[in-house]
Amino acid sequence: MTIKELLLQEIDNTPNEILEDILSFLQSMKTPPKQPPSTYRELLERIDYLETIVGIRKGLDEFEQGEGIPANQALATLKYK
């Protein structure tokens, strides 16, 4: 599944209230910022949030397709690192 497909799927599963908040935020990015550091920080936080959701969805899709490695092997690798 592509990132675009994952994002569209996420949008379909997101309540309208949250989508309206995101749309409002994106529209506010088109106007000159009143407090640039705060706006930039909010943007970074939202990007992190979306990247996390995409990563989780990708992992779930891979799991459902029987891909990936067993949890005990993944945990052992993390412990080693």
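The values are calculated or read from the model by the stated rules, or taken from the named source; none is laboratory data. As the structure is a prediction and not an experimental result, all values here were calculated from the model. Every residue, glycine among them, receives a Cβ derived from its backbone with ideal geometry; neighbour counts consider all protein chains shown. With ligands, DNA and RNA removed, areas are computed over all heavy atoms of the protein, side chains included. Shrake-Rupley method; radii C 1.70, N 1.55, O 1.52, S 1.80 Å.
When residues in the stretch 57-81 are screened for being closer than 19 Å to GLU5 by Cβ, open to solvent by less than 100 Å² (accessible area, probe 1.4 Å) and assigned to a helix (DSSP H, G or I), 5 of them pass. Checked against the criteria, LEU26 does not count as among the hydrophobic types (A, V, I, L, M, F, W, C), in a helix (DSSP H, G or I) and open to solvent by less than 70 Å² (accessible area, probe 1.4 Å). Evaluate the stretch 1-11: report whether one residue or more is touching a residue at least 60 places away in the same chain (Cβ under 8 Å) and among the hydrophobic types (A, V, I, L, M, F, W, C). Yes, the stretch 1-11 has at least one match. When the residues of the stretch 29-56 are narrowed to those that are hydroxyl-bearing (Ser, Thr, Tyr) and at pLDDT 85 or above, which ends up most open to solvent (accessible area, probe 1.4 Å)? The residue in question is TYR49. The sole residue among ILE3, ILE11 that is under 18 Å from the mean Cα position of the chain (by Cα) and open to solvent by less than 100 Å² (accessible area, probe 1.4 Å) is ILE11.
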